[in-house]
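Peer 1: I am attaching a structure below and will ask some questions about it afterwards.
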Amino acid sequence: MIYDYLVIRFGEIAIKGKNKKRFVEKLEDNVREKLRDFPGLQIKRHYDDIEIRLNGEDQDRIVRILEKVFGIHNISSAVKVGKNLESIREGVLEIARAETEAKTFKIAARRKDKRFPIRGSELNQDLGAWVLKHCERLDVDVHHPDLTLRVEVGDHETRIYGREYPGAGGLPVGTGGKILLMLSGGIDSPVAGYLLARRGASIEAVHFESPPYTSDRAKQKVVDIVKKLRFYAGDIKLHLVPFTQTQLAIRENVPEDYRVTIMRRLMFRISEKIAARTDALAIATGESLGQVASQTLESMNAINQVTDLPVLRPLVAMDKLDISRIAKEIDTYDISIRPYEDCCTIFLPKAPRTRPDRKHAERFEHFLDIDALVDEAVRATETVIFGGREERNAFSDLL
Ligand code: ATP
Ligand code: MG
């Protein structure tokens with residue numbers, strides 16, 4: 001590759017007014033963190049972009065990583081030359097010759113420094129003619145060129161951009177507060193976590209397991225999903241809640257058709273306590289309206305009653321097909337469809353109540369010692385940190 005630089009542009013962050021500096025600083029942190037295995041890089045933040053000097057590091061690998069960093073609008077590969085026509089011509093031609101796949105091109109030149117004597121339109125003409133003359137393979141196509149050569153004459157130097165890669169969009173992770181994601185091994189909740197991370201939230205995950213009714217393989221699914229989400233969401237703490245006692249108590253004391261409702265109310269209570277411990281400001285789930293019997297509005301209403309925290313349901317209005325498409329894109333789908341059952345499915349009645357009534361739910365809870373069950377579950381919760389270098393864990397065999 002002939003390129004010396006990658007240039008990251010921000011997109012949406014750029015319009016965030018006063019917040020811009022904070023957002024861009026966070027983005028720079030996240031980029032540095034993701035690229036820490038490339039010691040040769042020099043990363044520099046400017047007002048409008050972040051510039052990465054490659055110093056011979058593998059551009060394609062770096063782009064693959066940056067494509068998953070939220071808050072990036074696009075990434076361009078670039079070379080830098082001086083502020084005179086000869087070097088600009090030379091630079092443009094060098095890229096044109098190196099991009100051997102391209103058959104058509106256009107020049108898009110702009111002078112940011114208005115003192116530079118040649119205007120953008122004149123540069124376009126001159127450089128277009130120069131490339132046509134010296135690179136026979138290429139023809140001009142101003143509408144759908146294979147290669148757009150962007151030229152930007154700045155205050156101190158000229159950048160010439162060759163390739164452009166779309167970024168992941170969204171906002172930098174860590175600018176949006178912390179959310180506790182209820183993460184099952186299913187298809188939906190990982191997608192919910194991904195979408196919230198995309199809006200800048202940091203994610204911690206809580207997973208309920210019921211050994212020995214649920215297997216280590218079910219837990220492994222969740223671990224593998226967290227490791228996928230980490231590409232997008234950065235470090236993730238996973239809280240593993242032992243839920244067997246609670247499930248058994250529910251099975252013994254609650255009429256069959258209300259078990260799902262009560263179980264989910266307990267999940268929310270436990271999650272709320274864990275959220276308080278970790279400073280999370282909201283709980284998130286992968287629920288989608290009407291998808292299964294327990295995801296009716298009546299059910300959400302009966303379940304929400306037990307917590308004061310906002311419950312975010314980013315998939316609430318999405319179809320299963322669209323959710324699955326995203327799950328495939330973020331590579332969690334194949335993990336989610338592994339056939340091991342999680343705690344919800346194992347104790348499930350054949351016919352859960354689709355329109356539970358919150359008054360009934362409250363009444364059935366009198367048969368349970370709710371506080372004791374919640375406190376014990378929270379106390380016995382194990383936390384695993386899936387972080388960059390620091391991979392602390394209670395069960396290293398699963399990692
Ligand atoms: P998913 O595909 O995310 O498993 P689902 O369609 O199977 O969702 P439910 O079983 O009704 O739906 O669960 C709804 C939501 O409750 C899940 O999206 C998830 O956020 C949460 N949830 C379910 N089971 C668990 C679990 N074992 N641990 C943590 N959260 C869970
Ligand atoms: Mg599920």
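Peer 1: Working only within segment 194-208, note down all residues that are buried (at least 22 other Cβ atoms within 10 Å of the Cβ) and more than 9 Å from ligand 1 (Cβ to nearest atom).
Peer 2: TYR194, LEU196, ALA197, ALA201, ILE203, GLU204
Peer 1: Here's a follow-up. Filter segment 95-120 down to the residues that are surrounded by fewer than 17 Cβ atoms within 10 Å (Cβ to Cβ) and of a type in the set (D, E, K, R) and list them by number.
Peer 2: ARG97, GLU101, LYS103, ARG110, LYS112, ASP113, LYS114, ARG115, ARG119, listed by residue number.
Peer 1: Still on this structure, I have one more. State whether the residues of segment 310-321 include one that is within 16 Å of ligand 2 (Cβ to nearest atom), of a type in the set (D, E, K, R) and touching a helix residue (DSSP H, G or I) at 6+ places or on another chain (Cβ under 6 Å).
Peer 2: No, that holds for no residue.
Peer 1: While we're looking at this one, here's another question. Condition first: near ligand 1 (Cβ under 10 Å from one of its atoms) and touching a Pro at 6+ places or on another chain (Cβ under 8 Å). Now tell me which residues in segment 266-290 satisfy that.
Peer 2: ILE283, ALA284, GLY286
Peer 1: Please enumerate the residues belonging to segment 192-218 that are part of a helix (DSSP H, G or I) and either away from ligand 2 (no atom under 12 Å from the Cβ) or at positive phi (or both).
Peer 2: Residues satisfying the conditions are GLY193, TYR194, LEU195, LEU196, ALA197, ARG198, ASP216, ARG217.
Peer 1: Going through segment 219-245 one residue at a time, which ones are within 15 Å of ligand 2 (Cβ to nearest atom) and among the aromatic types (Phe, Trp, Tyr)?
Peer 2: PHE243
Peer 1: Related question: Can ALA327 be described as assigned by TED's automatic domain parsing to the domain that holds GLN220 and either in a helix (DSSP H, G or I) or in contact with a Lys or Arg (Cβ under 9 Å, 6 or more places away or on another chain) (or both)?
Peer 2: yes
Peer 1: Would you tally the residues in segment 248-289 being within 15 Å of ligand 2 (Cβ to nearest atom) and either farther than 28 Å from GLY177 by Cα or among the acidic types (Asp, Glu) (or both)?
Peer 2: So the answer is 2.
Peer 1: What is the number of the single condition among (1) buried (at least 20 other Cβ atoms within 10 Å of the Cβ); (2) of a type in the set (Val, Ile, Thr); (3) away from ligand 1 (no atom under 16 Å from the Cβ) that ILE179 does not meet?
Peer 2: Status for ILE179: all satisfied but (3).
Peer 1: Same structure again: If the requirement is being surrounded by fewer than 21 Cβ atoms within 10 Å (Cβ to Cβ), more than 16 Å from ligand 2 (Cβ to nearest atom), of a type outside the set (S, T, N, Q) and not in a loop (DSSP other than H, G, I, E, B), which of these qualifies: LEU132, LEU127?
Peer 2: Answer to the selection: LEU132.
Peer 1: Please verify whether PRO356 is over 23 Å from ALA233 (Cα atoms) and crowded, with 19+ Cβ neighbours inside 10 Å, treating the condition exactly as stated.
Peer 2: yes
Peer 1: Now for a different question. Consider only pairs whose beta carbons are under 6 Å apart and that are at least six residues apart or on different chains; among these, list those whose first residue lies in segment 336-356 and is among the hydrophobic types (A, V, I, L, M, F, W, C) and part of a loop (DSSP other than H, G, I, E, B) and whose second residue is modelled with pLDDT of 75 or more and within 16 Å of ligand 2 (Cβ to nearest atom).
Peer 2: Going by the 6 Å Cβ cut-off, the qualifying pairs are PHE347/GLN247.
Peer 1: Against the definition (in a strand (DSSP E or B), in contact (Cβ under 8 Å) with a residue 12 or more places away in the chain and among the small types (Gly, Ala, Ser)), how does ALA168 come out, yes or no?
Peer 2: yes
The values are calculated or read from the model by the stated rules, or taken from the named source; none is laboratory data. What you are looking at is a predicted structure, and each value in this text was computed from that prediction instead of being measured. Every residue, glycine among them, receives a Cβ derived from its backbone with ideal geometry; neighbour counts consider all protein chains shown.
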